[in-house]
Amino acid sequence: MGERHVRASEVSRLKAVTRRALEHAGTAVEFQHLTRVNNASLSRYANPDQSEMIPIDIVLDLEREIGHPWITESLAQLQGFELVASNARRILPDDQASLIELMPKLAKEQSELMNRVVVALGDNHVSENECRAIEQELDDVADILRHCRARLAFWREKNAAQGGAL
């Protein structure tokens, strides 16, 4: 049998995003009725002290329930890819205001991230709860940056179709 290529930090990240997704679905007790496994199994999938990972069909159930592919997105990022909604470019309005409107949101999320980091480092110890809170803020910043990239991609496609430059 070959050597495993998944690092402990990657498992930790996947466990954290699984926990976050389950929290957004309500509770494991509630979500168990929408999938094929019970509450105990769902809890193990999110527990960093357990080796069992969430099965792919449960990921699909969970992400459909919460309306966002957080686990799939993390898997893509761990492999160097960026997940973009298939309709992301089509739903953006064709104006510059859409990017400008994202800037204050980005500044707010970056400020919240910085505050979480400063508070976490204040006692020279970063707890697991603080790590989770920082990851949440990082995810929020990343979401806005993805919208910014989608806006730029839309403009590039539009300019290319018109034979013009940016």
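The values are calculated or read from the model by the stated rules, or taken from the named source; none is laboratory data. On a predicted model such as this, the values are computed, not experimentally measured, just so you know. Cβ: placed from backbone, ideal geometry, glycine included. Neighbour counts: every protein chain shown. Please note that ligands, DNA and RNA were not included when accessible areas were found on the heavy atoms of the full protein model with its side chains. Shrake-Rupley method; radii C 1.70, N 1.55, O 1.52, S 1.80 Å.
How about segment 126-148: which of its residues are surrounded by 13 or more Cβ atoms within 10 Å (Cβ to Cβ) and of a type outside the set (A, V, I, L, M)?
So the first thing to find is which residues in segment 126-148 are surrounded by 13 or more Cβ atoms within 10 Å (Cβ to Cβ), and the list is 126, 130-148.
Within segment 126-148, GLU130, CYS131, ARG132, GLU135, GLN136, GLU137, ASP139, ASP140, ASP143, ARG146, HIS147, CYS148 meet the criteria.
Okay, residues lined up against (1) within 20 Å of SER127 (Cα to Cα); (2) open to solvent by 60 Å² or more (accessible area, probe 1.4 Å); (3) assigned to a loop (DSSP other than H, G, I, E, B):
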site: SER12; (1), (2), (3): yes, no, no
site: VAL17; (1), (2), (3): yes, no, no
site: GLY26; (1), (2), (3): no, no, yes
site: GLU30; (1), (2), (3): no, yes, no
site: SER41; (1), (2), (3): no, no, no
site: ASP49; (1), (2), (3): yes, yes, yes
site: ILE54; (1), (2), (3): no, no, yes
site: ILE58; (1), (2), (3): no, no, no
site: GLU65; (1), (2), (3): no, yes, no
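The residue that is surrounded by the fewest Cβ atoms within 10 Å (Cβ to Cβ), counting only those in segment 106-125 that are farther than 24 Å from GLN77 by Cα and small (Gly, Ala, Ser), is GLY122. Filtered by the rule that a residue be over 25 Å from the mean Cα position of the chain (by Cα) and of a type in the set (A, V, I, L, M, F, W, C), segment 122-166 gives ALA160, ALA161, ALA165, LEU166. Scanning segment 67-85 for residues being among the polar types (S, T, N, Q), open to solvent by 30 Å² or more (accessible area, probe 1.4 Å) and in contact (Cβ under 8 Å) with a residue 12 or more places away in the chain gives a total of 1.
Taking each residue of segment 98-120 that is at pLDDT 90 or above and looking for partners that are not hydroxyl-bearing (Ser, Thr, Tyr) and not in a helix (DSSP H, G or I) with beta-carbon atoms closer than 8 Å, six or more apart or interchain, yields ALA120/VAL126. Once segment 149-166 is narrowed to residues that are farther than 29 Å from VAL11 by Cα and of a type outside the set (A, V, I, L, M, F, W, C), the residue that is surrounded by the fewest Cβ atoms within 10 Å (Cβ to Cβ) is GLY163. Taken over segment 1-10, residues that are surrounded by 10 or more Cβ atoms within 10 Å (Cβ to Cβ) and either touching a Ser or Thr at 6+ places or on another chain (Cβ under 7 Å) or without any contact (Cβ under 8 Å) to a residue 24 or more places away in the chain (or both) amount to 2.
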